[in-house]
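*Asks:* What follows is a structure written as structure tokens; I'll ask about it next.
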Amino acid sequence: MDLVHYILDNLDTLVPETVDHLQVVGIAMAISVATGLSLGIAASRFERLGQAVLGIASTLLTIPSFALLSVLTTLFIAVGLQIGDPPVIAALVLYAQLPIIRNTRAGIRAVNPGVLEAARGMGMTRLQVLTRVELPLAVPVILGGVRQATVMIVAIATVGAAVGSNNLGRPIVDTLQRSGNRLPILAGILFVAAIGIGADAILGGIQGALSRGRITSEPIT
């Protein structure tokens, strides 16, 4: 009950922090989908490029989030750019690349060869085959990567509070620095978990709906 009372008493700060958290994640995912989809398409076409891109994206995930955020914040300051949310968004975009690139590549390469041959036989260009056949059929697999990336960066975004972002990581970071009441930490965790679970449920529902009736072969990894 103490947690409920704390949340109700602090909605004037928790709500803005939740909005900022959603904005940061939303912007990061929009950029991540655009870049990850492009890199994933390229990776599906060129084997060596694909291995290199996946290797770099995998390496980025091994960098501790606070270390990456600190480096990016320093770079933003050095070039005179705004700090706070921008370096956090940049870090989240880097972290989100691997699942989106990997699933885009796998989804495109899993399309039934017979379907591709039929499309080419109809006189479709390579771009038409990509946009009208491969990507539509690969959408459920791609969404799986987007779903994984979204849930991941919803959690990672909280670390951004340590470098100036006013999101749901703020009550967690402030409480840890003061070593005081633990209710702000629990409230922050609860709100972040709710966002993550909600996003996963929505994307999972869309992915399931689009997966029905798809014609694909076994995924190629």
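*Asks:* Is there a residue being crowded, with 22+ Cβ neighbours inside 10 Å and either touching a strand residue (DSSP E or B) at 6+ places or on another chain (Cβ under 9 Å) or in contact (Cβ under 8 Å) with a residue 12 or more places away in the chain (or both) anywhere in segment 111-129?
*Replies:* Within segment 111-129, one or more residues are crowded, with 22+ Cβ neighbours inside 10 Å and either touching a strand residue (DSSP E or B) at 6+ places or on another chain (Cβ under 9 Å) or in contact (Cβ under 8 Å) with a residue 12 or more places away in the chain (or both).
*Asks:* Now a separate question. Return the pairs, sorted by first residue and then second, in which the second residue is surrounded by 15 or more Cβ atoms within 10 Å (Cβ to Cβ) and among the hydroxyl-bearing types (Ser, Thr, Tyr), the first residue lies in segment 18-37 and is in contact (Cβ under 8 Å) with a residue 40 or more places away in the chain, the beta carbons are less than 6 Å apart, and the residues are 6+ apart or on different chains.
*Replies:* Here the result reads 29/150; 37/104, each pair linking segment 18-37 to a residue that is surrounded by 15 or more Cβ atoms within 10 Å (Cβ to Cβ) and among the hydroxyl-bearing types (Ser, Thr, Tyr).
*Asks:* Please verify whether segment 6-19 includes one or more residues that are surrounded by fewer than 17 Cβ atoms within 10 Å (Cβ to Cβ) and not in a helix (DSSP H, G or I).
*Replies:* The answer is yes; a qualifying residue exists.
*Asks:* May I ask you to list the residues in segment 138-170 that are surrounded by fewer than 21 Cβ atoms within 10 Å (Cβ to Cβ) and more than 17 Å from the chain's Cα centre (by Cα)?
*Replies:* 162, 164, 166
*Asks:* Still on this structure, please answer the following. Name the residues in segment 76-88 that are surrounded by 19 or more Cβ atoms within 10 Å (Cβ to Cβ) and within 15 Å of residue 17 (Cα to Cα), would you?
*Replies:* 85, 88
*Asks:* Check 163, 173 and return the single one that is in contact with a Ser or Thr (Cβ under 7 Å, 6 or more places away or on another chain) and closer than 26 Å to residue 24 by Cβ.
*Replies:* Just a single option satisfies the conditions, and that option is 163.
*Asks:* Give 56, 27 a once-over and let me know the one that is out of contact with any helix residue (DSSP H, G or I) (no Cβ under 8 Å at 6 or more places or on another chain) and either of a type in the set (Phe, Trp, Tyr) or not in a loop (DSSP other than H, G, I, E, B) (or both).
*Replies:* Of the residues listed, the single one that is out of contact with any helix residue (DSSP H, G or I) (no Cβ under 8 Å at 6 or more places or on another chain) and either of a type in the set (Phe, Trp, Tyr) or not in a loop (DSSP other than H, G, I, E, B) (or both) is 56.
*Asks:* Out of 2, 85, 20, I need the residue that is charged (D, E, K, R), at pLDDT below 90 and over 25 Å from residue 138 (Cα atoms). Which one?
*Replies:* Result: 2 is the single residue among 2, 85, 20 that is charged (D, E, K, R), at pLDDT below 90 and over 25 Å from residue 138 (Cα atoms).
*Asks:* Of everything in segment 38-65, what is surrounded by 14 or more Cβ atoms within 10 Å (Cβ to Cβ) and either in contact with a strand residue (DSSP E or B) (Cβ under 8 Å, 6 or more places away or on another chain) or over 30 Å from residue 113 (Cβ atoms) (or both)? Give them in sequence order.
*Replies:* Correct list: 60, 61, 63, 65.
*Asks:* On to the next question. Find the residue count for segment 40-67, including only residues that are more than 25 Å from residue 144 (Cα to Cα) and either among the acidic types (Asp, Glu) or in contact (Cβ under 8 Å) with a residue 24 or more places away in the chain (or both).
*Replies:* Residues meeting the conditions: 1.
The values are calculated or read from the model by the stated rules, or taken from the named source; none is laboratory data. The shown structure was predicted, so the numbers you read here are calculated from the model rather than taken from an experiment. Using ideal geometry, Cβ is built from the backbone for each residue, glycine included, and neighbour counts are taken over all protein chains shown.
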